[in-house]
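Peer 1: Below you'll find the structure I mean.
The values are calculated or read from the model by the stated rules, or taken from the named source; none is laboratory data. Everything quoted here is computed from the prediction, not taken from an experiment. Note that we place each Cβ from the backbone using ideal geometry, even for glycine, and neighbour counts take in every protein chain shown.
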Amino acid sequence: RGAVVVVPDYRVYPEVTFPKFVEDGAEATAWALKNISAYGGDRRNVFLVGHSAGAYNAVMLALDDDYLEAAGASTRDLAGAVGISGPYDFLPLTRPDVKPIFEVVSDMTLTQPIRFARADAPPLLLLTGEADITVGPYNTEHLADRMRALGGRVEEHLYPGIAHLGSVLALAPAFRWRAPVLNDIESFIRRHER
């Protein structure tokens, strides 16, 4: 569809805890901004896209400028960010598998993308399935509401009957009939290209 795609990896628990995986994403983003033109991409049109924990990282990087600044970049360098079925507002922590990842900081609000919502953030596209019981759709709804309340640029789509994995599976050709995830992402990118 005319996009140059960079697929970085990041460290996960138990190797690391918060915020190391976000810092990994910041380093990868800074690398892409610096090098994307060598691969036919346009530095002015870098969009971060992720699913689930990847959505958390992409949206956190788009909202909290500290991570990108530490890596030599800025949220102003981003054309936008897309979060697919991401956790953005999940306090209090109740899941025992998630607690050790984030309970390493004294101020737990620092782990929440919604805390960093702001009017001058890059445009956000938040996508999720209404049937997602892994990362509840309220995460998308709360962040979208907060961004709107602050005057930020945000779009959201909730897909009926789609669960957590279904939202990312809908990117694959065999499952695109289930939800227009790819078309919604492409449309968002086209509208926000610089």
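Peer 1: Considering the range 117-134 alone, what residues qualify as being touching a residue at least 40 places away in the same chain (Cβ under 8 Å) and over 13 Å from the mean Cα position of the chain (by Cα)?
Peer 2: Residues of the range 117-134 that are touching a residue at least 40 places away in the same chain (Cβ under 8 Å), as a first pass: 117-118, 121-129, 132, 134.
Those that are touching a residue at least 40 places away in the same chain (Cβ under 8 Å) and over 13 Å from the mean Cα position of the chain (by Cα): 118, 129, 132, 134.
Peer 1: Another one. Among the residues of the range 147-156, which ones are assigned to a helix (DSSP H, G or I) and among the charged types (D, E, K, R)?
Peer 2: If we filter the range 147-156 for residues that are assigned to a helix (DSSP H, G or I), which is where we start, we get 147-150.
If the condition is that a residue be assigned to a helix (DSSP H, G or I) and among the charged types (D, E, K, R), then 148 is the only one that fits.
Peer 1: Among 136, 86, which is the only one that is under 19 Å from residue 47 (Cβ atoms) and part of a loop (DSSP other than H, G, I, E, B)? Talk me through it step by step, then tell me what you get.
Peer 2: Numbers: 136 fails: under 19 Å from residue 47 (Cβ atoms).
Just a single option satisfies the conditions, and that option is 86.
Peer 1: Within the range 91-100, does at least one residue satisfy the condition of being at pLDDT below 95, hydroxyl-bearing (Ser, Thr, Tyr) and not in a helix (DSSP H, G or I)?
Peer 2: So far as the range 91-100 goes, yes, one or more of its residues are at pLDDT below 95, hydroxyl-bearing (Ser, Thr, Tyr) and not in a helix (DSSP H, G or I).
Peer 1: Can I ask one more? Examine the range 157-176 for a residue that is assigned to a loop (DSSP other than H, G, I, E, B), surrounded by 14 or more Cβ atoms within 10 Å (Cβ to Cβ) and in contact (Cβ under 8 Å) with a residue 40 or more places away in the chain, and state whether such a residue exists.
Peer 2: From the range 157-176, those assigned to a loop (DSSP other than H, G, I, E, B) are 160-163, 170-172; that's our starting set.
Remaining after also requiring surrounded by 14 or more Cβ atoms within 10 Å (Cβ to Cβ): 162-163, 170-171.
Add one more test, that the residue is in contact (Cβ under 8 Å) with a residue 40 or more places away in the chain, and what stays is none.
Within the range 157-176, none of the residues are assigned to a loop (DSSP other than H, G, I, E, B), surrounded by 14 or more Cβ atoms within 10 Å (Cβ to Cβ) and in contact (Cβ under 8 Å) with a residue 40 or more places away in the chain.
Peer 1: Still on this structure, I have one more. Could you check, for the range 26-47, whether at least one of its residues is closer than 22 Å to residue 139 by Cα, surrounded by 20 or more Cβ atoms within 10 Å (Cβ to Cβ) and in contact with a strand residue (DSSP E or B) (Cβ under 8 Å, 6 or more places away or on another chain)?
Peer 2: Yes: the range 26-47 contains one or more residues that are closer than 22 Å to residue 139 by Cα, surrounded by 20 or more Cβ atoms within 10 Å (Cβ to Cβ) and in contact with a strand residue (DSSP E or B) (Cβ under 8 Å, 6 or more places away or on another chain).
Peer 1: Mind listing whichever residues of the range 1-53 are within 18 Å of the chain's Cα centre (by Cα) and at positive phi?
Peer 2: Once the filter is applied, which keeps residues that are within 18 Å of the chain's Cα centre (by Cα) and at positive phi, the range 1-53 yields only 52.
Peer 1: Kindly provide the set of residues from the range 65-83 that are in contact with an Asp or Glu (Cβ under 7 Å, 6 or more places away or on another chain) and assigned to a loop (DSSP other than H, G, I, E, B), ordered by number.
Peer 2: 71, 74
Peer 1: For the range 132-146, does any single residue satisfy the condition of being out of contact with any helix residue (DSSP H, G or I) (no Cβ under 7 Å at 6 or more places or on another chain) and basic (Lys, Arg)?
Peer 2: No, because not a single residue in the range 132-146 is out of contact with any helix residue (DSSP H, G or I) (no Cβ under 7 Å at 6 or more places or on another chain) and basic (Lys, Arg).
Peer 1: Hey, could you check the range 82-116 for residues that are touching a Leu at 6+ places or on another chain (Cβ under 8 Å), touching a residue at least 24 places away in the same chain (Cβ under 8 Å) and among the hydrophobic types (A, V, I, L, M, F, W, C) and say which is surrounded by the fewest Cβ atoms within 10 Å (Cβ to Cβ)?
Peer 2: Filtering the range 82-116 for residues that are touching a Leu at 6+ places or on another chain (Cβ under 8 Å), touching a residue at least 24 places away in the same chain (Cβ under 8 Å) and among the hydrophobic types (A, V, I, L, M, F, W, C), the one surrounded by the fewest Cβ atoms within 10 Å (Cβ to Cβ) comes out as 102.
Peer 1: Ok, one more. Give me a count of the residues in the range 1-25 that are basic (Lys, Arg) and exposed (fewer than 13 other Cβ atoms within 10 Å of the Cβ).
Peer 2: Pass one, the range 1-25, residues basic (Lys, Arg): 1, 11, 20.
Next cut, exposed (fewer than 13 other Cβ atoms within 10 Å of the Cβ) only: 1, 11.
Looking only at that region, the number is 2.
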